[in-house]
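Right, one structure below, let's go through it.
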């Protein structure tokens, strides 16, 4: 018995689309989800624009088990993710009591004014559950199957560590990586035949170009270890055959 | 007079979604488009799945001036981008004469068989124009406003260099970057007022977290230099005011 759990990601921020900031969160989420057996199926990077955020969240949350967002939950005018999530779910948004009191007490302790901007970080869609932020306190939140987190990588990573243990996970996709000294043009035909003969595997072929030469990284993936071994053996036999032929 | 030109990107590949490969093309495209005055509005990363690729390309090409794709144009069974593009445009696909002859001659010269797999790289949607590939010959291609390029960064970058000069570009967004020693909670309120007072600018606020302290990078963007200066002056005046108050 194998079980699949699917996910999508929405990266929110003009600074990624302008190239000013290079995203570091997509690769991290991909690694973490793969490790626990959740399949990341689609990522969208959208601007700080309410309609764009709402559209992306609704498209993904309706067809995938989980959606993760990063960015746009700070205290400035361009932080509009919480409002967009409320709109996507059609629920009201306002100061949430626990977040408000927590932030109010923290700023008082640090002798900083609890400005309107800082209060924005206590605005959550109705029914949202906190995602704890051990770095800088202002929480992320979950509404339904959507998990809303910060864009600053260190905070995103800490929030994700708090979310992942609460999620349903699937059977992990196991993989075997096989180094192939030939370019894709040499192996493409027989590799396609192996994929057809092993339909319960995903055989990936990743061309690498170094020092003027192509080589290929082949990755065989399957949820069932025996199915995986059989396909990986077939790939290795194909490569041995090609080497023998020279 | 200012003019905007918009673009989207579709990154195709299971290996990005699994985390195995970390994308390097999004940031490069974002930088290059910003430099020539094309606004990247949305990026989607999708799996090696025909329906997913078709949906993403059609969604973006119908509402943006240009779409750029990376990945899935090699010779193996998981390289299905050309077929997906043909399906998205509703045009037939088959061997294209010029690409076929070019590849055939090249493999003959290198004493390599022109396998079925290699022939796949000559399959182009009807009406496609080549995007030259100075690295490994097999061309990318353009159909309508969609520009289809390789996923290997070195080849993608070379293809993009060949495509960009052919495109219509807009008035470049000029920007001023202002270092702000305060966290977003301090500046959020007044910064929002400045944004409201300067509606033809985009004022971005990017929180940075280092050594246990927040600071903020403020970026003011506008197409008109005078509009830009006025807003940037207002931001600097706000920071001076905050420094004076201590």
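The values are calculated or read from the model by the stated rules, or taken from the named source; none is laboratory data. Just so we're clear, the structure is a prediction, and the values are computed from it rather than from any experiment. With ideal geometry, Cβ positions are generated from the backbone for all residues, glycine too; neighbour counts draw on all protein chains shown.
Looking at the range B:172-185 only, could you name the residues that are surrounded by 21 or more Cβ atoms within 10 Å (Cβ to Cβ) and modelled with pLDDT under 95?
Hits for the range B:172-185 are B:183, B:184, B:185.
Kindly indicate whether residue B:194 is surrounded by 15 or more Cβ atoms within 10 Å (Cβ to Cβ), part of a helix (DSSP H, G or I) and not assigned by TED's automatic domain parsing to the domain that holds residue B:34.
yes
Which condition from (1) assigned by TED's automatic domain parsing to the domain that holds residue A:12; (2) closer than 18 Å to residue B:22 by Cα is the one that residue A:160 breaks?
(2)
Please verify whether the range B:161-168 includes one or more residues that are out of contact with any strand residue (DSSP E or B) (no Cβ under 9 Å at 6 or more places or on another chain), farther than 28 Å from residue A:74 by Cα and buried (at least 17 other Cβ atoms within 10 Å of the Cβ).
yes
Test residue A:106 against the stated conditions and say whether it is assigned by TED's automatic domain parsing to the domain that holds residue A:76, over 23 Å from residue A:64 (Cα atoms) and touching a strand residue (DSSP E or B) at 6+ places or on another chain (Cβ under 8 Å).
Spelling it out, residue A:106 is indeed assigned by TED's automatic domain parsing to the domain that holds residue A:76, over 23 Å from residue A:64 (Cα atoms) and touching a strand residue (DSSP E or B) at 6+ places or on another chain (Cβ under 8 Å).
Inside the range B:172-185, can you point out the residues that are part of a strand (DSSP E or B) and more than 9 Å from every other protein chain (Cβ to nearest Cβ)?
B:174, B:176, B:178, B:179, B:180
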